[in-house]
Amino acid sequence: MSSLEQLRIVAFVCNWCAYAGADMAGVSRMQYPTNVRLIRLMCTGRVHHGFLLRAFLKGADGVLVSG
Amino acid sequence: MQLTRKQTDSCIECGECTGSCPISRELSGFSPRQIIKRAMIEPDGSLLHGREIWACLSCAHCSERCPADIDFPEFIRSHREEARKAGNSPHESHHGILQAIASLQTRNIKQQRTGWAEKVGAFHDTGEYFYFVGCLPYFDVTFRYLNLFPLETAQSVLILLNKMGVEPVISNHERCCGHDALWSGNEAVFRKLASWNVEVIKSSGAKTVLFSCPEGYFTFKNYYRKYFGDLPFEVVHMTEFLARELPGAELTFEPSSDAAITYHDPCRLGRCSGIYEPPRQLFQFLPETQFVEMERSRENALCCGTSAWMECSSCSKAMQMERLQEAAQTGARTLITACPKCQIHLTCAQSGTDMDLKVRDIYTYLLKRLSGDETHSK
C-alpha cells in the first residue's frame, strides 16, 4: 500500500463548488486519480466530524472535505 | 449468561426494582420486574427486539435494593450483544463519534495522548504508578461547544500527583477502557481495547494504576479481571489514593468565597464500586467550606441520565434537570462530581437554563483551592 494510487480517499464535496469543479475537470477531459471516491453534498456544512471518523472506520486512508 | 438466568429465577416479583428505577418514572411502561418476568417465559423474545434493552441506564438503583440480589444491569448487558446480532441497535448520541473513536483505537494507530501533560508536569514511560487518563483527550476536543475542557481534569490530577512527589507513567499507547463498548453489546471491541491496555500497563512495569474516571476503574476492577484473570497490578481510584495520601503530603488548601458545595455520586463509583467516603473525605481538607448533601445521595444518588453515549432522550434531560434542581435546593452554588461524563451531561442540561450552579470536577476543584498554586488554567 505504499503507492499513492492504492490509497482509498473519501472526498466530501460541495455541490456548488468542489463537485462542480470535479465535473468541469471531467468535461474538460482532465484526468484525476480514480482512488478518490466523491460524496456529493448540497453544502459541506452538512459534514459532521462523525462522518470523517466513520470513513476511517470503514477503511478509508484519507478524507478530503472540499467546498 | 447461565449465572444471570439462575439469578433471574430467584426473582420474587416484589417490584422494588421498578419502584426504584429512574427510567420507569419518566418512561411509563419500562419495568425491570416485567422485563425479567418476560425473559423467563420467552428467553429470546421481546427483550431482544424492543427498545427497552437500550433504555436501561445500568445505574444500579434496582440491583442495589433487590432483596434477591439480582444484578439487573448485568442481566441487560449480557443480552445486548444478542440484541445487536438480531439487528436491534441503540441510538448513538453525537452522530456516533465516540463509538467510532473507541473502534478506531482497536487498531494499531498513532495517538497524541500526552501533549497536554508535557505542558503541566513530569511523567515517565516506566515507573511504579500508571495514571490511566482514559477518554479525556477525546472528550476535550468533542465537548468544547459546552465550554468544557475535560483535559483540565487530567492536568489537575497530574499536578496534584507531582506535588505529592509522584511522577506517574502516562502512555501514548493507552486505549479507551472499553466500558462503553462492553455496555452497548460490542464485546469484540471491548476485548481488543482491554488487551491493548493490559499489555501497555504491563510493559510500563507499573504496580499501581490510578484512575480519575469511575468507569475505567469499575471496568478494570470487575470486567478486566473477569476476562483476563488476575491483573499484575493494583487498581486504585484517585479519590481513594488522595484520601489516603493527602494527610501525609504537605499540601494545604485555601478558604474560598465559594458558597456551600455539594457532591454528585457517579453510578460507577458509588453504587457499582462502593466508593462513597473517599471523595467526601477530600472535602474535609478544604478549610471554611460548607459541604452539604443532596436529598438523594450515596446509594440513593440519582443517575446523570445517559450511559455509554447512547439513547439520550427527553427522559435523560428530565433526570438531569431533576438532579440540577436538587443540587440547587441545597443552597450550594457548586456541584462537584468525580466523573467526566456526569459533568458533561449535567453541564449540557444546564446550558439551556439560567441556573446559577457551577458543575465542577473534583480534581480541578481541589487544585483550584490548593495553596500557592498558580499553574491551574482557564
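The values are calculated or read from the model by the stated rules, or taken from the named source; none is laboratory data. Predicted model, so just to flag it, every value in this text is computed and none were measured. Reconstructed Cβ throughout: ideal geometry from the backbone, glycine too, with neighbour counts over all protein chains shown. SASA here: full protein model, heavy atoms, side chains in, ligands and nucleic acids out. Shrake-Rupley method; radii C 1.70, N 1.55, O 1.52, S 1.80 Å.
Considering only residues of region B:265-280 that are among the hydrophobic types (A, V, I, L, M, F, W, C) and within 11 Å of the chain's Cα centre (by Cα), which is nearest to B:CYS304 (Cα to Cα)? Filtering first and then ranking leaves B:CYS267.
Just to be sure, is B:ARG175 over 13 Å from B:MET238 (Cα atoms) and surrounded by fewer than 18 Cβ atoms within 10 Å (Cβ to Cβ)? If you could, list the steps in order and put the result at the bottom.
Details: over 13 Å from B:MET238 (Cα atoms): yes; surrounded by fewer than 18 Cβ atoms within 10 Å (Cβ to Cβ): no.
Considered against the rule, which asks whether it is over 13 Å from B:MET238 (Cα atoms) and surrounded by fewer than 18 Cβ atoms within 10 Å (Cβ to Cβ), B:ARG175 comes out as no.
Tell me which helices (runs of 4 or more DSSP H) are completely within region B:24-138 and hold 1 or more residues being in the same structural domain as B:LEU193 (by TED's automatic domain parsing), of a type in the set (Asp, Glu) and within 30 Å of B:MET164 (Cβ to Cβ), or say none if there are none.
Qualifying helices (runs of 4 or more DSSP H): B:115-120.
Return the pair list, or none, for Cβ contacts closer than 9 Å from residues in region B:169-194 that are assigned by TED's automatic domain parsing to the domain that holds B:GLY115 and farther than 19 Å from B:ARG84 by Cβ to residues that are of a type in the set (D, E, K, R) and not in a loop (DSSP other than H, G, I, E, B), at least 6 apart or on different chains. Short answer, once both residue conditions are applied: B:HIS173/B:GLU199; B:ARG175/B:LYS192; B:CYS177/B:GLU215.
Among the residues of region B:139-167, those that are part of a helix (DSSP H, G or I) and within 23 Å of A:GLY50 (Cβ to Cβ) comprise B:PHE139, B:ASP140, B:VAL141, B:THR142, B:ARG144, B:TYR145, B:LEU146, B:LEU151. Look at B:GLU74 and say whether it is over 28 Å from B:SER297 (Cβ atoms) and away from chain A (no Cβ under 14 Å). Here the answer is no, as B:GLU74 does not meet what is asked. Output the residues belonging to region B:80-93 that are surrounded by 17 or more Cβ atoms within 10 Å (Cβ to Cβ) and either without any contact (Cβ under 8 Å) to a residue 60 or more places away in the chain or within 14 Å of chain A (Cβ to nearest Cβ) (or both). Of everything in region B:80-93, those that are surrounded by 17 or more Cβ atoms within 10 Å (Cβ to Cβ) and either without any contact (Cβ under 8 Å) to a residue 60 or more places away in the chain or within 14 Å of chain A (Cβ to nearest Cβ) (or both) turn out to be B:ASN88, B:GLU92, B:SER93. Taking every residue in region B:154-165 that is touching a residue at least 40 places away in the same chain (Cβ under 8 Å) and pairing it with any residue that is in a helix (DSSP H, G or I) and among the aromatic types (Phe, Trp, Tyr), at least 6 positions away or on another chain, the pairs with Cβ-Cβ distances below 8 Å are B:ALA154/B:TRP116; B:GLN155/B:TRP116; B:SER156/B:TYR363; B:VAL157/B:TYR363; B:LEU160/B:TYR363.
Results for (1) at pLDDT 95 or above; (2) β-branched (Val, Ile, Thr), shown as yes or no for each residue.
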| position | (1), (2) |
| --- | --- |
| B:GLY331 | no, no |
| B:LEU335 | yes, no |
| B:PRO340 | yes, no |
| B:HIS345 | yes, no |
| B:THR364 | yes, yes |
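Looking at this structure, is B:LEU210 under 21 Å from B:CYS339 (Cβ atoms), touching a helix residue (DSSP H, G or I) at 6+ places or on another chain (Cβ under 7 Å) and not in a helix (DSSP H, G or I)? When the stated conditions are applied, B:LEU210 passes them. Determine whether A:TYR19 is more than 14 Å from chain B (Cβ to nearest Cβ) and either touching a Ser or Thr at 6+ places or on another chain (Cβ under 7 Å) or in a loop (DSSP other than H, G, I, E, B) (or both). Answer is no for this residue. If only residues of region A:31-60 that are open to solvent by less than 70 Å² (accessible area, probe 1.4 Å), within 14 Å of chain B (Cβ to nearest Cβ) and not in a helix (DSSP H, G or I) are counted, the one that is farthest from B:ILE109 (Cα to Cα) is A:VAL47. For the residues B:ALA122, B:ALA154, B:ALA102, the requirement of being open to solvent by 10 Å² or more (accessible area, probe 1.4 Å), away from chain A (no Cβ under 14 Å) and either out of contact with any Phe, Trp or Tyr (no Cβ under 8 Å at 6 or more places or on another chain) or within 23 Å of B:PRO266 (Cβ to Cβ) (or both) singles out B:ALA122. Of all the residues in region B:16-50, those that are at positive phi and touching a Pro at 6+ places or on another chain (Cβ under 9 Å) number 0.
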